Ligand SMILES: Cc1ncc(COP(=O)(O)O)c(C=O)c1O
């Protein structure tokens, strides 16, 4: 039986998300000691999880014979108070990726379009295609979103505008004023999705809550995977207008945030010290990597996130070389002369720079 014959036709052309390589896989493939491998490929927090979150997660394990609280009651209350939004404005996902996917389920389908930057977060394209909708990719001169060109790409078929600030993989960001003006320039029947996965690293971070309160169709997504150090537990959320949140809730699977993740996320919100240390490590690491790139004569895109896109000719080969030496970075098919490097601890950054030096020496 050929299952592909009765699959939906667009699934057969659906590209598959390529995640950063796990440490265990690289250790197996190259016969390396996992303890000596630095994963600087997926923009995770190199300091580990928040200690408070870890303690809460351990305690929550005792209750996993029961289903999770499907309403995320504690997390909703805590975040609503923190963000000063209504509980009915929040929607949670198994990572913010799931919140983005809910957007696609609700607003995209055959005959509709979603606008995004050509070097925007790859999931926007994938989820748009998954719904049988059309991704409209807009050029990004200088690796920045061209807001005027994105606005000009809107047609009567456009239902969603995806934009991350800071953006992955470029690290470029926009100011609050730029984003608010952009949101106001969009038609009322286009949902503006501002992806704030890295907003906690940006100072000051834009704040579109006044626009949402004023009735604009804006959804901001955030995640516990990055600065909070909980990527493996998968918790993300969106805040938006209550009517939009209610539509997204319809598409959500029951119990999509597990018990351990809910407890960890609540505790992480209280770990101000861990946040401070994470920001500090990132600030210092961005400087360390940038200085190392300059010393090597490499161009890089100044970043407001926890990673840097650096110009390395033959990025795929460089990736292979670095990986064999225990530094996992991220190559990109559509940016063949670049790799993206997540900010690590100072030791990880130093090893990465040493391996980059060795790569260029090997080609000299
Ligand atoms: C811009 C952006 N948005 C969303 C995500 C999804 O993160 P998660 O699903 O872990 O919340 C990522 C992850 O790399 C990202 O870079």
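The values are calculated or read from the model by the stated rules, or taken from the named source; none is laboratory data. Predicted model only: the values in this text are computed from it and were never measured. Neighbour counts are summed over all protein chains in view; Cβ atoms, including those assigned to glycine, are modelled from backbone coordinates with ideal geometry.
Structure summary
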item	result
Selection from the range 19-47 of residues that are more than 16 Å from the ligand (Cβ to nearest atom), part of a loop (DSSP other than H, G, I, E, B) and surrounded by fewer than 17 Cβ atoms within 10 Å (Cβ to Cβ)	31, 32, 33
Residue identified as within 10 Å of the ligand (Cβ to nearest atom) and without any contact (Cβ under 8 Å) to a residue 60 or more places away in the chain among 186, 179, 163, 233	163
Residue satisfying condition, being more than 18 Å from the chain's Cα centre (by Cα), at negative phi and at pLDDT below 95, within set 292, 315	315
Condition met for residue 233 (buried (at least 19 other Cβ atoms within 10 Å of the Cβ) and farther than 28 Å from residue 140 by Cβ)	yes
Given (1) closer than 19 Å to residue 43 by Cβ; (2) in contact with a helix residue (DSSP H, G or I) (Cβ under 6 Å, 6 or more places away or on another chain), index of the condition residue 332 fails	(2)
Residues of the range 270-280 classified as buried (at least 19 other Cβ atoms within 10 Å of the Cβ) and within 19 Å of the chain's Cα centre (by Cα), total	1
Test: residue 107 is surrounded by fewer than 21 Cβ atoms within 10 Å (Cβ to Cβ) and touching a residue at least 40 places away in the same chain (Cβ under 8 Å)	no
Positions within the range 115-142 being part of a helix (DSSP H, G or I) and within 14 Å of the ligand (Cβ to nearest atom), in sequence order	122, 123, 124, 125, 126, 127
Residue match in the range 49-57 (condition: closer than 21 Å to residue 307 by Cβ and modelled with pLDDT of 90 or more)	yes
Flag if residue 41 is in contact with a helix residue (DSSP H, G or I) (Cβ under 8 Å, 6 or more places away or on another chain) and either assigned by TED's automatic domain parsing to the domain that holds residue 354 or within 27 Å of residue 273 (Cβ to Cβ) (or both)	no
Residues of the range 90-114 satisfying the condition of being part of a strand (DSSP E or B) and more than 16 Å from the ligand (Cβ to nearest atom)	113
The range 323-364, residues that are in contact with a strand residue (DSSP E or B) (Cβ under 9 Å, 6 or more places away or on another chain) and in a loop (DSSP other than H, G, I, E, B)	326, 329, 332, 335, 337, 343, 344, 345
Candidate set from the range 48-65 (those that are under 27 Å from residue 251 (Cα atoms) and assigned to a loop (DSSP other than H, G, I, E, B)); member that is farthest from the ligand (Cβ to nearest atom)	65
Single condition residue 68 does not satisfy, out of (1) part of a loop (DSSP other than H, G, I, E, B); (2) within 30 Å of residue 352 (Cα to Cα)	(2)
Hey, residue 172 out of contact with any strand residue (DSSP E or B) (no Cβ under 6 Å at 6 or more places or on another chain) and within 16 Å of the ligand (Cβ to nearest atom) or not	yes
Residue within the range 151-158 that is over 24 Å from residue 229 (Cα atoms) and within 16 Å of the ligand (Cβ to nearest atom) present	no
